[in-house]
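The values are calculated or read from the model by the stated rules, or taken from the named source; none is laboratory data. These numbers come from a predicted model, not from an experiment. Cβ: placed from backbone, ideal geometry, glycine included. Neighbour counts: every protein chain shown. We work out accessible area using only protein heavy atoms, side chains counted, and drop any ligands, DNA or RNA first. Shrake-Rupley method; radii C 1.70, N 1.55, O 1.52, S 1.80 Å.
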Amino acid sequence: MKPGRPAIDVFRSLNAGRNNVHKTASSRAFLRRDPALRSAVMSIVFRFVVLAAVALLWAAPAVAERRENPIAEFAGIDKITGRIITFDVYVNETVQFGALQVTPRVCYNRDPGEAPKTTTFVEIDEITLDRKIRRIFTGWMFAESPGLNAVDHAVYDVWLKSCKTESSVPAPTQG
């Protein structure tokens, strides 16, 4: 068999040789005797595998889109009093919680039908006793893993709870 033959001829050759295959020990022995046929079969198998892989990639689920939200909801604990407080902070605005100033820069979450993933990039500063501001945290917080990047201060802990589109806290005025 010539390598340039169309694929249909390969199948005819396989079917014509099938009677001989039953007489031999296995179909692999038949393919070993004819290297051109083996090459044609391997080419067809390779094409099938590539097409199957492309079909699987095409049918793969889409990447979940993240939604940007204007409000980050945090929770904080005052370790002295034991009080836990939930507070909303608008993106790029600063709210003071005890001696800490919390400023979220962005707050993302996914659609309700998707697997939850709520993240915020936040900067947290501490106001020291001599009234100086010292940055104690800059980074991402994850609501699903509050212990991963929560702020662990000597007196205050702060962690992300969620991202929201509305709040009972009035929006900051543009000025």
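For the reader, a short list of remarks on this structure follows.
- Condition met for Ala143 (touching a Cys at 6+ places or on another chain (Cβ under 9 Å), within 20 Å of Val89 (Cβ to Cβ) and of a type in the set (A, V, I, L, M, F, W, C)): yes
- Scanning region 125-148 for residues that are open to solvent by less than 70 Å² (accessible area, probe 1.4 Å) and more than 20 Å from Glu68 (Cα to Cα) gives Asp125, Glu126, Ile127, Thr128, Ile136, Phe137.
- Any hit, region 56-68, residues being closer than 23 Å to Val169 by Cβ and modelled with pLDDT of 70 or more: yes
- Considering region 152-175, the residues that are in contact with a strand residue (DSSP E or B) (Cβ under 6 Å, 6 or more places away or on another chain) and not in a strand (DSSP E or B) include one that is surrounded by the most Cβ atoms within 10 Å (Cβ to Cβ), namely Ser167.
- Some residue of region 72-82 being at pLDDT 60 or above, touching a Cys at 6+ places or on another chain (Cβ under 9 Å) and surrounded by 12 or more Cβ atoms within 10 Å (Cβ to Cβ): yes
- Checking each residue in region 107-124 for being of a type in the set (A, V, I, L, M, F, W, C) and surrounded by fewer than 16 Cβ atoms within 10 Å (Cβ to Cβ) picks out only Ala115.
- Region 87-97 - residue that is open to solvent by 40 Å² or more (accessible area, probe 1.4 Å) and part of a loop (DSSP other than H, G, I, E, B) and, of those, nearest to Trp159 (Cα to Cα): Thr94
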